[in-house]
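Just so it is clear, none of the values below were taken in a lab; they were calculated from the coordinates. Bear in mind the structure is a predicted one, so any value in this text is a computation, not a measurement. Note that each Cβ is placed from the backbone with ideal geometry, even for glycine, and that neighbours are counted across all protein chains shown.
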Amino acid sequence: MRMTRIKKPRSASRRLPVEANGRPRIAIVIMAAGKGTRLRSKHPKVLHQAGGKSLLAHVIAAATGVVPARDVHAIIGYEADSVREAVAATGINFVVQKEQRGTGHALMTAREALAPYDTVIVLSGDAPLITPETIARLRDFHLSRKAAMTILSAVLPDPAGYGRVLRTSGRSKEVQAIVEQKSATPKQLKLREINSGFYAFAVRPLLAHLGELKTDNAHGEFYLTDMASILRKAGESVGALETSTPDEILGINTLVELAEIDRRFRMAKCRRLMSQGVTIYQPETCVIDCDVAVGPDTVIEPFVQLRGSTRIGSEARLCSFTVVQSCEIGDGALVQPGCVLEHSRVGDRTSLGPYSHLRPGCEICEGAHVGNFVEMKKTRLGKGSKANHLTYLGDAEVGENVNVGAGTITCNYDGVQKHKTIIEDGVFVGSDSILVAPIRIGKGAYIGAASCLTKDVPADSLALSRAPQVIKEGWARERRARKK
Ligand code: UD1
Ligand code: CA
């Protein structure tokens with residue numbers, strides 16, 4: 001990202017620290033303390049997800065595309081602990097606004113955090129479509145005009161609900177004030193240039209005048225928007241940059257709006273993958289999270305969900321109604337319809353499903369097959385091994401080229417503890433076998449069908465444990481005769 005080199009105002013350069021390279025120190029503040037009453041949810045608005053990521057995480061990602069995480073400060077309040085925990089890994093800072101008394105009040109609580117900076121860019125935690133490019137454009141415009149405040153504005157066909165930007169005259173670069181929808185005159189309501197809720201401020205005049213905000217308005221709150229007229233009256237320069245991408249400023253106030261923004265993220269993700277060589281049939285039916293990666297020539301059929309940190313190789317095929325949560329899937333893998341795969345690794349040229357369930361911690365090695373109605377948990381299935389039908393493998397280590405017959409079950413749980421099943425290379429497990437763990441089946445052993453095994457099986461042996469077959473000749477015929 002290119003930084004604009006500017007000369008700093010003299011008064012500021014004496015007091016405020018400047019980075020070694022002489023560039024102004026820029027902070028980004030993300031306002032995220034509100035509950036989001038209009039969502040009618042007990043969860044904080046900024047933790048609701050769109051495109052598989054919380055709204056706040058999207059805004060943080062955009063912010064850290066412009067400044068390092070250490071210069072990003074989120075203002076949190078409602079459910080502060082859960083918000084902090086959800087995004088702590090990003091390395092940003094937090095300011096707690098205990099009582100949410102308005103957007104202006106939010107900035108008041110961040111006074112101390114802002115003091116070391118020259119410039120602050122203010123973003124809204126509920127507007128997740130913002131991009132680093134637009135933030136950088138706002139920064140450059142603001143710095144080049146040496147303004148005290150710059151508003152990112154947008155011209156919308158329907159400006160209802162937003163604050164309106166009042167320019168000093170028709171096409172003037174200077175802004176006189178922002179009026180909120182509720183306080184606007186009928187004439188002002190006709191203005192289509194709206195306040196996006198994103199701003200850049202010079203920190204010194206902002207902090208000098210922040211205390212002048214009042215609560216004599218429709219909501220009885222400190223409006224950050226009032227800083228426009230306050231700074232203007234103090235003789236400072238207040239400008240507005242009209243964005244060329246008004247879609248980016250869309251905020252979320254209701255769950256209907258959340259669904260719309262989620263749809264935008266998903267479609268944008270599908271378009272990006274398709275432009276990278278991924279075939280997606282009926283992309284509007286697929287749910288692919290923002291951070292998912294897919295290699296070229298992979299085919300994604302309708303109604304597939306790829307979530308979390310999922311990584312898929314090239315030339316794989318994901319058939320309909322498969323849900324993948326944070327898995328790694330190799331090149332040329334075939335995932336047939338209806339599979340549920342969670343936190344597992346699936347190797348190259350494997351085949352899964354239809355209707356296989358990998359619970360967390362599985363590793364399916366190269367060329368292995370997992371078939372119809374097979375459930376696995378914390379299990380490693382070695383190269384070329386097969387578990388094709390109606391099987392449960394839990395806490396198992398299965399070697400290479402093992403055949404696990406239909407209906408095989410590892411009894412890994414004794415009601416108190418979990419135990420391991422180890423099946424070495426080349427073992428043949430007959431259908432309907434029950435392996436009571438802990439147990440080890442030695443290399444190359446054979447298990448007769450319908451065995452219930454409780455002891456280790458030595459390599460290259462046959463293990464059988466089933467009731468001997470009894471034949472009573474003519475028994476059925478005689479029974480039928482008795483009934484007549
Ligand atoms: C605000 C602007 C409005 C603009 C609109 C754009 C004001 C007074 N109005 O209205 O001009 O058109 O954004 O979307 O600023 N927040 C806090 N602490 C508080 C209050 C709010 O952190 O005490 C946070 C909220 O969590 C939210 C953001 O600030 O993320 C914006 O607040 P919100 O109440 O949604 O403002 P709008 O009514 O949308
Ligand atoms: Ca809002």
Report the gain in length on full extension from Arg466 to Ser82: 0.36 nm times residue separation, minus Cα-Cα distance, nm rounded to one decimal.
132.8 nm
I'd like the distance between the alpha-carbon centres of region 25-101 and region 115-132, rounded to an integer number of Å.
11
Cα-based reach from Lys53 at 16 Å (exclusive), listing lysines while leaving out same-chain residues under 8 positions away
Lys45, Lys269
Starting with the fewest neighbours, write out Ser320, Ser196, Ser275, Ser451 ranked by other beta-carbon atoms found within 10 Å of each beta-carbon.
Ser275, Ser320, Ser451, Ser196
Among the lysines, which have Cα under 27 Å from the Cα of Lys443 when same-chain residues fewer than 8 positions away are ignored?
Lys377, Lys378, Lys383, Lys386, Lys418, Lys420, Lys455
Dipole of the chain, positive end: most advanced residue of Phe198, Leu334, Ala74 [Cβ charges, Cα centre]
Phe198
Could you line up Glu363, Glu112 from fewest to most neighbouring Cβ atoms inside 10 Å?
Glu112, Glu363
How high is the relative contact order of region 169-241, in percent, counting Cα pairs under 8 Å that sit 6 or more residues apart?
47
Under 1.5 on a/c is rounded, so check that first for region 363-407, then, if it is not, pick prolate when a/b is larger than b/c and oblate when it is not; a ≥ b ≥ c are the square roots of the alpha carbon gyration tensor eigenvalues.
oblate
What residue among Thr410, Ala106, Ala184 has its Cα farthest toward the positive end of the dipole of the chain, where the charges are +1 on Lys, Arg and -1 on Asp, Glu, each on the Cβ?
Ala184
For the chain, what is the convex hull (Cα atoms) projected area averaged across all directions, in square nanometres?
34.2
With a ≥ b ≥ c the root eigenvalues of the C-alpha gyration tensor of region 373-484, is it rounded (a/c under 1.5), prolate (a/b larger than b/c) or oblate?
prolate
Give the residue from Thr150, Asn217, Ala127 lying farthest towards the positive end of the charge dipole for the chain; charges sit on Cβ (+1 for Lys and Arg, -1 for Asp and Glu) and the dipole is referred to the Cα centre.
Asn217
For a protection proxy built on the mean count of beta-carbon atoms within 10 angstrom, sort 211-219, 78-86, 435-443 highest first, please.
435-443, 78-86, 211-219
Taking the Cα centre of the chain as origin and charging only Cβ (+1 Lys, Arg; -1 Asp, Glu), how large is the dipole, in debye to the nearest 20?
1000
All Cα pairs of region 135-288, percent lying beyond 20 Å:
57
